[in-house]
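Below is one structure, written out as structure tokens, with a few remarks after it.
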Amino acid sequence: MTNTITALGLFSGGLDSILACRIIADQGIRVRALKFVTPFFDHDLLDREGDYQKEILEKYGIDVELVDLSPGYIELLRNPAHGFGKNFNPCIDCKILMLTRARAMMAEYNASFLITGEVLGQRPMSQRRDTLNVIERDALCKKTLLRPLSALLMDPTSAEEQGLVDRQKLFGFAGRGRKPQIQLAKELGITDFPAPAGGCVLTDPNLASRIERFYKGLFSLEQDQFQVDDIRLLLVGRHFCLPGGHWLVLGRNEQENERLVALRHSDDWLFFMPDRPGPTALLRRGSSLVADTTIEAEICNYCTGIVVRYGRKIEGQVLPGQVQLERDDSIQMLQAEPLADRTFRTWIV
């Protein structure tokens, strides 16, 4: 066996994927880990890719590359072939998409096979034996995909049959218990690993519901207009669907206010009170959907009224205030009365 053999591993960053990569690497095979990201999970890593790669290499001895699946994933959510899980999570189609991309990258790395950290029976939707077979079939990677943690419970893959991998050094883990993995981690000298947690917002009941409503036409946007930053915006702040389907987002703290500014597009409008602590509000696509229409003044009144309503109270009262509107290349000061709760209560997403 030589070091010229290469495998591509799907790397979530959790213990199972760490172990899968190390098991194969410890057989003298070069493992290149692929960390897939989308707006729904781990997208922030793109802003610190170098630091993340260094951290994973130092902790686990694994070379990792970030791969952005965002465009394909946004499209996938419109109609996943295998449906959704408990919330808005297309777990089966998600894994198929990742494996399909990984398989397409094999030639680039001269890789001989793929690996994942999947454990038979660990997850009720995506890791049943029948589901694992469907994933292999639809991703066109049957016999190419090796699952080191449960390999002894499955038919040998091509890598094992060809002698690239020693099957006797693989494992037969199954079920939801984690004791075998934790024990193996100790044996491999891995002590610092993340606790199991759902990192995908599509499994969060509240956020998943918001995202599902977004896909079903909550706001006045066509699905072919959806962008990565639209999804990222859905995960920040308070959301309001104004009359006509116009999308307003309100920051709940200084960090979220800054986030809204960072996510602003050229045709978005920003509202905030320069002289009083309070929220920043972003009206998505204000210039393209609201400007120069008969509803412009009305929508501006709603936006400014909500900003004042959520601003800091003065002596226990919500008082009128000056709200600055930034749109296109102009700045405008607007006097605003706080909007009554009964007016906008039904607009809250």
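Brief remarks follow.
- Test: residue in segment 335-343 that is at pLDDT 95 or above, over 25 Å from ARG210 (Cβ atoms) and either hydroxyl-bearing (Ser, Thr, Tyr) or touching a Cys at 6+ places or on another chain (Cβ under 9 Å) (or both): yes
- Condition check for LEU19: buried (at least 21 other Cβ atoms within 10 Å of the Cβ) and not in a helix (DSSP H, G or I): no
- Leading residue by the ranking (farthest from VAL37 (Cα to Cα)) among those in segment 193-232 that are of a type in the set (Asp, Glu) and at pLDDT 90 or above: GLU212
- The criterion of at least 3 residues that are touching a residue at least 40 places away in the same chain (Cβ under 8 Å) is met by the following helices (runs of 4 or more DSSP H) wholly inside segment 70-183: 70-76, 91-109, 129-138.
- Residue list for segment 128-150, restricted to those being over 16 Å from ALA111 (Cβ atoms) and among the polar types (S, T, N, Q): THR131, ASN133, SER150
- Neighbours by Cβ (under 8 Å, 6+ apart or cross-chain): first from segment 35-47, of a type in the set (Lys, Arg); second assigned to a helix (DSSP H, G or I) and crowded, with 20+ Cβ neighbours inside 10 Å: none
- Filter result (part of a helix (DSSP H, G or I) and among the small types (Gly, Ala, Ser)) within segment 22-64: ALA25, GLY50
- Flag if VAL307 is at negative phi, assigned by TED's automatic domain parsing to the domain that holds GLN227 and over 32 Å from the mean Cα position of the chain (by Cα): no
- Meets criteria (at pLDDT below 95, more than 24 Å from MET105 (Cα to Cα) and out of contact with any strand residue (DSSP E or B) (no Cβ under 7 Å at 6 or more places or on another chain)) for LYS169: no
- Filtered residue count, segment 86-108, keeping only those that are under 23 Å from SER17 (Cα atoms) and crowded, with 19+ Cβ neighbours inside 10 Å: 12
- Residues of segment 216-235 satisfying the condition of being crowded, with 17+ Cβ neighbours inside 10 Å and either part of a helix (DSSP H, G or I) or in contact with a Ser or Thr (Cβ under 8 Å, 6 or more places away or on another chain) (or both): ASP230, ILE231, ARG232, LEU233, LEU234
- Only listed residue being outside the structural domain of GLN127 (by TED's automatic domain parsing) and in contact with a Phe, Trp or Tyr (Cβ under 6 Å, 6 or more places away or on another chain), chosen from GLY245, GLY217: GLY245
The values are calculated or read from the model by the stated rules, or taken from the named source; none is laboratory data. As the structure is a computational prediction, the values presented were derived from the model and not from experiment. Methodologically, a virtual Cβ is constructed for each residue, glycine included, from the backbone with ideal geometry; neighbour enumeration extends over all protein chains shown.
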